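Nothing in this text is a laboratory measurement; each read-out follows from the coordinates by a stated rule. If you're wondering where the values come from, they're calculated on a predicted model, not measured in any experiment. Neighbour counts run over all protein chains shown; Cβ positions are idealised from the backbone, glycine included.
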Amino acid sequence: DDDQREIASLRAGSSSDDEEEGRSAAAAATSSVPGSARSNRSRGTTSSSVRSGAGVTRETAAASATEASSSESEGGGGGDDDDEKSRDSKVAPLTDSSRLKGYITLIVASVVHYDAAKDSSLDNAESDRTTTVLSGVVPADPAQRSYAMAVSIITLIVAMFCAVVHFDRFTCLKGAWNKAFGPGSKIELIILLALSLWWLIATIVLTSVGGIAGPGKGHCNLYFATWTCLWTSIWTLERWLVAANFSSMTKFLEAWPNRAPGWIVIFINSLGSLLATVDLFVNWPKLPERLQLGYISVTQYEWSWLLFVPAVTIPISAAFFLIEIFRVTQSDGQNLKSDRENFVEGLCITLLALFWTPTLFIATTPGGAADQVGNAYFFIWLSSIVVTETFLWWVRDWRMAVHNVMRMQKEEYKRAQEKVLRMHQHEIEEHLANEEK
């Protein structure tokens, strides 16, 4: 027992000696670096103050959030009103809208359309017979004249209302107008769709062979004003799609690979040419006797050719742009055609160019079936131009392909020549080394 007590006392003494040595070392370190302890204490004080400040900030934020929620509950959603006001302030004014140009153009075109429709009865001439004989203008049918005037008046009212709304920046309704005619507005979409459909029907009725502005009738202002209103309505609708973050028609066509945009335009114009030619072929006997004289000389072979060319062009163009839809895109994102497909496409577009060039001369020259200003005249011209442009597009790509092949062959020949030169140089060096030995 005495031995155990002695051992315990020795261990206690050694531990106390170790503690004293540790305190003396710490004191020496503190005395050697006096600023570190103070800096540590200051950092400790700063961190404690930051923590206390953060706690106060959190408490203040919680209190303010509670007050805000209570004020919203008491005030009935005042924050939503502030958000709506801020959003309204950020919305661009309607005067900056590109659709305003469409409405102004519709106003001008509808005024011209109304004036031309009003004068189509030839009441302002001395006599209908004298005017018809000298100027070639055919008096309008009263029913069609009334329809043309009604179409232009309704369009004028709608377009003027939309334009006035776009310029309204002072009345109490300007916020409602911004919502009704802002980007992506369903109300404006309905208006533009109605105008486009309205003028599509009017264009078919008024510019056909039996219409008031048909070929040979002499009402050119009415004809061009009708097409201007239709095109402007469609253009304004496209502007709405762009403002609503949809793709425009130009970007839609450019997104198609290879020559698909050209084939799409060829399809549209060929379809228009076919419909206009069928309208001429079926309805020209119903025209007045003076106008029938321009179609009696057209032979059956010419009618057959004018119907054959667009009827052949439509399925060919549809096939080539449908091929691009179902083509499998490669891993690198390219849509490359095979040599066989390029050859077939070149053969088809060449034949179509050979078809449409004589068709243009046969149909639109004096004595032709489409020599008068009308739908057939313009659609045949457009179809010929688009087919020729697509043919030149294919020729340019074909020449580029030939140039690339020749360049690759030239580079391959150059690499082979360099390889032969290196081998010859190596043989010369080996021969000289053997002679030296």
> What's the extension gain from C220 to I268 if we count 0.36 nm per residue and subtract their Cα-Cα distance?
Replying inline: 14.9 nm
>> Under the rule a/c < 1.5 gives rounded, and otherwise a/b versus b/c splits prolate from oblate, where does the stretch 255-374 land using the Cα gyration tensor?
In response: prolate
>> Need one word for the stretch 219-275: rounded, prolate or oblate. Basis is the Cα gyration tensor (sqrt eigenvalues a ≥ b ≥ c); a/c below 1.5 gives rounded, then a/b vs b/c decides.
In response: oblate
> How high is the FRET efficiency from S146 to R290, r the C-beta distance, R0 22 Å, rounded to 0.05?
Replying inline: 0.35
> Between rounded, prolate and oblate, where does the stretch 130-258 land on the alpha carbon gyration tensor, with a ≥ b ≥ c its root eigenvalues, rounded for a/c under 1.5, else prolate if a/b exceeds b/c?
Replying inline: oblate
> What FRET efficiency, computed as 1/(1 + (r/R0)^6) with R0 = 35 Å and r the Cβ-Cβ distance, is obtained for L193 and R169, rounded to the nearest 0.05?
Replying inline: 0.85
> For the cross-link pairs K337/K419; K217/K286; K337/K414; K101/K217, which exceed 23 Å when the distance is taken from alpha carbon to alpha carbon?
Replying inline: K337/K419; K337/K414; K101/K217
> Which value in nm describes the separation of the simple spin-label points at I204 and I385, placed 7 Å from the Cα toward the beta carbon?
Replying inline: 2.5 nm
> How large is ³J(HN,Hα), in whole Hz, for each residue of the stretch 413-423 in order, when computed from phi with the Karplus curve 6.51 cos²θ - 1.76 cosθ + 1.60 and θ = phi - 60°, using x for Gly and Pro?
Replying inline: 5, 5, 5, 5, 5, 5, 5, 5, 4, 5, 5
> Can you give the FRET efficiency for F326 and L253, using 1/(1 + (r/R0)^6), R0 = 22 Å, r = Cβ-Cβ distance, to the nearest 0.05?
Replying inline: 0.75
